[in-house]
Amino acid sequence: MKKLDSQQTDMATVLYEAYLKGQTIPKEQIPASLEKRTAYAIQHAVTANKTRRGQEELKGYKISLTSRETQELFQSETPLYGALTTSSLSDGIIELDSMSSPLIEIELIFIAKEDLSAADDIPTLLQKTQVAPGIEVPDSRFDDWFPKITLGQVVADSAVAGKIVTGSPLDNVSYEQLEKLPGKLTLDGQEIAADTSAEVLDHPVNALHWLVNELDGHGLTVKKGMAISSGTFILPKKLERGLYEASYGELGSVTLTVN
């Protein structure tokens with residue numbers, strides 16, 4: 001992994017302290033021109049701060065920018081990843097006032113039944129994982145962030161990791177079951193967004209395959225028990241108070257209550 005200089009270490013500290021205090025920072029505190037490799041190194045340092053002395057555990061990763069539309073928003077040619085730590089896992093109830101500028105997305109959650117390897121092909125990845133209906137609530141440590149921060153700022157801020165909600169996982173889910181899987185999001189019973197899994201790099205397991213290989217390039221791996229959020233079926237919506245339900249056909253559904 002890339003070693004940080006003193007200025008970059010300070011940036012990691014600023015992001016970590018914003019996370020600890022639940023406060024946002026001005027965009028100017030992290031350079032808009034931050035190069036992706038350096039931004040990942042800052043992200044890794046923030047994650048190390050969260051997990052130091054057992055305060056939190058690394059629980060998985062989120063994948064972002066898995067559609068052409070979201071990549072264009074942040075001028076990226078590839079997806080991004082961010083770390084999910086203990087506090088990222090929601091029990092399905094969120095206090096809106098505890099977050100900064102949260103959004104909501106519908107995405108599948110892969111759960112590793114054993115360690116994943118860059119040598120794993122797509123059939124092997126499906127064999128090694130369970131798949132669950134999920135909801136992601138992205139949030140940022142930056143003021144007024146969406147879509148007004150740069151690619152480097154997104155990466156440094158753990159790909160704007162907020163919360164994920166995971167429904168009941170299923171074993172032995174086939175490639176065909178996940179292909180063009182319909183996803184629908186309702187708020188208080190009213191549909192507010194819908195699309196299919198084809199929005200996630202054409203097939204969500206492609207996103208998982210990308211992540212495992214990208215992590216390998218940074219000396220990281222997906223370990224047994226980790227959760228991976230696939231990337232969103234829809235453009236993010238602003239999170240509001242109410243009862244959300246994300247449904248995925250035969251894979252089932254999951255709910256989120258926002259107070």
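Keeping to segment 72-102, report how many residues are assigned to a helix (DSSP H, G or I), in contact with a strand residue (DSSP E or B) (Cβ under 9 Å, 6 or more places away or on another chain) and under 14 Å from Ala159 (Cα atoms).
Summing the residues that are assigned to a helix (DSSP H, G or I), in contact with a strand residue (DSSP E or B) (Cβ under 9 Å, 6 or more places away or on another chain) and under 14 Å from Ala159 (Cα atoms) in segment 72-102 gives 1.
Assuming Gln177 fulfils every condition listed in (1) of a type outside the set (A, V, I, L, M, F, W, C); (2) assigned to a helix (DSSP H, G or I); (3) within 16 Å of the chain's Cα centre (by Cα) apart from one, which condition is it?
(3)
Does Ser88 meet the test of being in contact (Cβ under 8 Å) with a residue 12 or more places away in the chain and surrounded by fewer than 20 Cβ atoms within 10 Å (Cβ to Cβ)?
So Ser88 fails the test.
From the list Thr186, Thr124, exactly one residue is of a type in the set (Val, Ile, Thr), in a helix (DSSP H, G or I) and surrounded by fewer than 20 Cβ atoms within 10 Å (Cβ to Cβ). Which is it?
One residue alone meets the criteria, Thr124.
If I filter segment 15-27 for residues that are aromatic (Phe, Trp, Tyr) and farther than 17 Å from Thr232 by Cα, do I get at least one hit?
Checking segment 15-27: at least one residue is aromatic (Phe, Trp, Tyr) and farther than 17 Å from Thr232 by Cα.
Determine whether segment 1-21 contains at least one residue that is of a type in the set (Gly, Ala, Ser), assigned to a strand (DSSP E or B) and in contact with a helix residue (DSSP H, G or I) (Cβ under 9 Å, 6 or more places away or on another chain).
The answer is no; no qualifying residue exists.
I'd like the full set of residues that are over 16 Å from Thr232 (Cα atoms) and in contact (Cβ under 8 Å) with a residue 60 or more places away in the chain, limited to segment 161-175.
Ser168, Pro169, Leu170, Val173
Scan segment 189-207 residue by residue and report those that are of a type in the set (A, V, I, L, M), buried (at least 18 other Cβ atoms within 10 Å of the Cβ) and within 18 Å of the chain's Cα centre (by Cα).
Val200, Leu201, Val205, Ala207, listed by residue number.
Can you name the number of the only condition in (1) surrounded by fewer than 16 Cβ atoms within 10 Å (Cβ to Cβ); (2) modelled with pLDDT of 95 or more that Pro147 fails?
For Pro147, the failing item is (2).
Can you tell me which of (1) of a type outside the set (Val, Ile, Thr); (2) assigned to a loop (DSSP other than H, G, I, E, B); (3) modelled with pLDDT of 95 or more; (4) closer than 27 Å to Tyr19 by Cβ is the one Asp115 doesn't meet?
It fails just one condition, (4).
The values are calculated or read from the model by the stated rules, or taken from the named source; none is laboratory data. Owing to the predicted nature of the structure, the values given are computational and were not obtained by experimental measurement. Ideal geometry is used to build each Cβ from the backbone, glycine not excepted, and the neighbour counts take in all protein chains shown.
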